[in-house]
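Peer 1: My questions will all concern the structure given below.
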Amino acid sequence: MSYLMPSEFVTKLVDQGESKVYMGTRDTLIRAFMAGATLALAVIFAITIATQTGHFLIGALLFPVGFVMLYLMGYDLLTGVFMLVPIAWLDKRPGVTLPRMLKCWALVGLGNLGGALFIATFGYLNFSMGGTEEINAVGQTMMAVGESRTVGYQEAGLAGWIVLFLRGMFCNWMVSMGVVGAAISTTVSGKIMAMWMPIIVFFYLGFEHSVVNMFLFPIGLMMGADFTLYQYIMWNEIPTVLGNLVGGLTLVGLVLYTTHVRTQPKKVLS
């Protein structure tokens, strides 16, 4: 594994953030669509394994395959651009303005949603044999997850909203570490290893990922789960997105940028 020093890979991250703003609208949407679709398919993969084996840990250990594939292909997740683009803005890169950063987030989020809904539609048809049969065991598991992570939070009131925000925040701490992992090494095997570790942590601990939820909750609604679109948006997606933004930016982006790019002056030792 060819390892880059933090001062080297953090500069690469700033360069990546700048490049996201300059990417054309078509390319941004297509890459984001494929990222959302790939991640959603990985969720089906992981939940299928967990359901069939009875061991969620096995599903969590294998879920990162989706994250690895999408980042090796250069696709973009909203969680990643939440961390990358702001550090390019803080670095005062030419053309990286606040309106362009917000536009980038909006386009990536829209593309991710489209990809997630595409796989959600496939998943519903697959789990119900085109709507002609009862939802299978994997689909039932997804429905139960959707119900517990909307209605369950709502029943807790404000405390549930706060926990959701924190789980979204800690999720993108780990996911953004996965994005950083892709920049740490110059070899494919090194990148995979560095990305795999933090993604296992977020998935196994049940942290809230906005793009995963763009798939998981719509498919639950398609299959007839006992929660509403309003409950999904207000009692999951909104606090999750906000938590993802704060976690990726503060716990990863700002920490790395301020300590490896815009550092304090060296101490003078007497």
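The values are calculated or read from the model by the stated rules, or taken from the named source; none is laboratory data. If you're wondering where the values come from, they're calculated on a predicted model, not measured in any experiment. Here Cβ is always computed from backbone atoms with ideal geometry, including for glycine, and neighbour counts include all displayed protein chains. In case anyone asks, the SASA skips ligands and DNA or RNA and just uses the protein heavy atoms, side chains included. Shrake-Rupley method; radii C 1.70, N 1.55, O 1.52, S 1.80 Å.
Peer 1: From Cα coordinates alone, what are the radius of gyration and Dmax values for region 3-129 in angstrom?
Peer 2: Considering region 3-129 through its Cα atoms, Rg and Dmax are 16.8, 53 Å.
Peer 1: Express the accessible area of region 6-259 per residue in Å², computed with a 1.4 Å probe while the remaining protein chains stay in the model.
Peer 2: Per residue, region 6-259 has 42 Å² of solvent-accessible surface.
Peer 1: Using r as the Cβ-Cβ distance of T187 and N126, and R0 as 41 Å, what FRET efficiency do you calculate, to the nearest 0.05?
Peer 2: The formula returns an efficiency of 0.70 here.
Peer 1: Using the beta-carbon distance between L229 and V268 and R0 = 45 Å, what value does 1/(1 + (r/R0)^6) give for FRET efficiency, to the nearest 0.05?
Peer 2: Values: r = 60 Å, r/R0 = 1.34.
Efficiency, from the Cβ-Cβ distance: 0.15.
Peer 1: Strictly greater than 21 Å: what percent of every Cα pair in region 124-219 meets that?
Peer 2: 48
Peer 1: Over the chain, what number does the Rg to Rh ratio reach, with both radii from the alpha-carbon atoms and Rh per Kirkwood?
Peer 2: Answer for the chain: 1.00.
Peer 1: Relative contact order for the chain: what is it in percent, counting Cα pairs under 8 Å that are at least 6 residues apart?
Peer 2: Computed over the chain, the figure is 29 percent.
Peer 1: So how far, in whole Å, is the C-alpha centre of region 106-131 from the one of region 183-241?
Peer 2: Comparing the Cα centres of region 106-131 and region 183-241, I get a distance of 14 Å.
Peer 1: Say a paramagnetic label sat at a point 7 Å from the Cα of K103, along Cα to Cβ; which residues of region 21-57 have their backbone N under 15 Å from it?
Peer 2: Hits in region 21-57 for K103 at 15 Å: 21-29.
Peer 1: Which of the residue pairs K103/K191; K12/K191; K20/K191 have a Cα-Cα distance greater than 22 Å in the structure shown?
Peer 2: From the list (K103/K191; K12/K191; K20/K191), the Cα-Cα distance tops 22 Å for K103/K191.
Peer 1: Length gain on complete extension for the stretch L205 to M73, per 0.36 nm per residue less the alpha carbon to alpha carbon distance? Could you put the intermediate results ahead of the total?
Peer 2: Details: separation 132, 0.36 × 132 = 47.52 nm, distance 2.65 nm.
Gain in length upon complete extension: 44.9 nm.
Peer 1: Going by average Cβ neighbours within 10 Å, how do the peptides 126-132, 73-79, 46-52 rank, with the highest at the top?
Peer 2: 73-79, 46-52, 126-132
Peer 1: Moving on to the next point. Which semi-axis lengths, in whole Å and largest first, follow from the square roots of five times the eigenvalues of the Cα gyration tensor of region 146-200?
Peer 2: Semi-axes from the Cα gyration tensor: 33, 10, 5 Å.
Peer 1: Relative to the first principal axis of the alpha-carbon coordinates of the chain, what is the inclination of helix 210-223, with its axis defined by its Cα atoms, in degrees from 0 to 90 and to the nearest 10?
Peer 2: Helix 210-223 sits at roughly 10 degrees to that axis.
Peer 1: Heavy atoms only, probe 1.4 Å: what % of the accessible area of the chain goes to carbon and sulfur, would you let me know?
Peer 2: C and S fraction of accessible area: 69 percent.
Peer 1: Something else: On a 0 to 90 degree scale, rounded to 10, what angle separates helix 25-53 from the longest Cα axis of the chain?
Peer 2: 50
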